[in-house]
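Colleague: Pasting in a structure now, in structure tokens, and then I'll have a few things to ask.
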Amino acid sequence: MFYRVIIFAIGLLLILLTFGLMWGGAALFMRSMGDTERLFERSRIIAVWTFAGFGVGLLFMGFGGPILGTFAFFRSARGVMPQIHEATVLLWGFSVVLVSSALAGGLLFGGLYLVA
């Protein structure tokens, strides 16, 4: 029974880690594109929409999380920074979503391996 509590706690931490990585990726994207004005708020907006798109994509389409998460990153980043080229935003969005979900998924499966 105690292992369920451990897995639940690890799951919550991994959700927070995924959001934190998306937030950090959005901030890194904005910094690398030269936009440092109101970086905290704008990167948070991009991260919230990316995380929401990723979650909805996983819920309704299974493996569609990276696709919908990338699209949400694209739409929110273009709303914040319309001067950036579209292909750049799409590649950054896909890489942010892919790296954050791969790292969190790897840690989840590593934790399950340790418990099981």
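Colleague: Of the numbered conditions (1) surrounded by fewer than 13 Cβ atoms within 10 Å (Cβ to Cβ); (2) in contact (Cβ under 8 Å) with a residue 60 or more places away in the chain; (3) over 25 Å from LEU112 (Cβ atoms), PHE29 satisfies every one except a single condition; which is it?
Modeller: So the condition that PHE29 fails would be (1).
Colleague: Go through PHE60, PHE73, PHE19, PHE94 for me and flag whichever is in a helix (DSSP H, G or I), modelled with pLDDT of 90 or more and touching a Leu at 6+ places or on another chain (Cβ under 9 Å).
Modeller: Within the list PHE60, PHE73, PHE19, PHE94, the selection yields PHE73.
Colleague: Filter the range 79-89 down to the residues that are surrounded by 16 or more Cβ atoms within 10 Å (Cβ to Cβ) and in a helix (DSSP H, G or I) and list them by number.
Modeller: Those that are surrounded by 16 or more Cβ atoms within 10 Å (Cβ to Cβ) and in a helix (DSSP H, G or I): VAL80, VAL89.
Colleague: Assess whether ARG44 counts as being surrounded by fewer than 17 Cβ atoms within 10 Å (Cβ to Cβ), out of contact with any Asp or Glu (no Cβ under 8 Å at 6 or more places or on another chain) and part of a helix (DSSP H, G or I).
Modeller: yes
Colleague: Residues being in contact with a helix residue (DSSP H, G or I) (Cβ under 6 Å, 6 or more places away or on another chain) and polar (S, T, N, Q): count how many of those fall in the range 26-65.
Modeller: So the count comes out to 2.
Colleague: Turning to a different aspect of this structure: Would you confirm whether any residue within the range 98-106 is surrounded by fewer than 16 Cβ atoms within 10 Å (Cβ to Cβ), part of a helix (DSSP H, G or I), at pLDDT below 90 and more than 14 Å from the chain's Cα centre (by Cα)?
Modeller: Yes, the range 98-106 contains at least one residue that is surrounded by fewer than 16 Cβ atoms within 10 Å (Cβ to Cβ), part of a helix (DSSP H, G or I), at pLDDT below 90 and more than 14 Å from the chain's Cα centre (by Cα).
The values are calculated or read from the model by the stated rules, or taken from the named source; none is laboratory data. All figures in this text were calculated on a predicted structure; none of them were measured in a lab. Cβ: placed from backbone, ideal geometry, glycine included. Neighbour counts: every protein chain shown.
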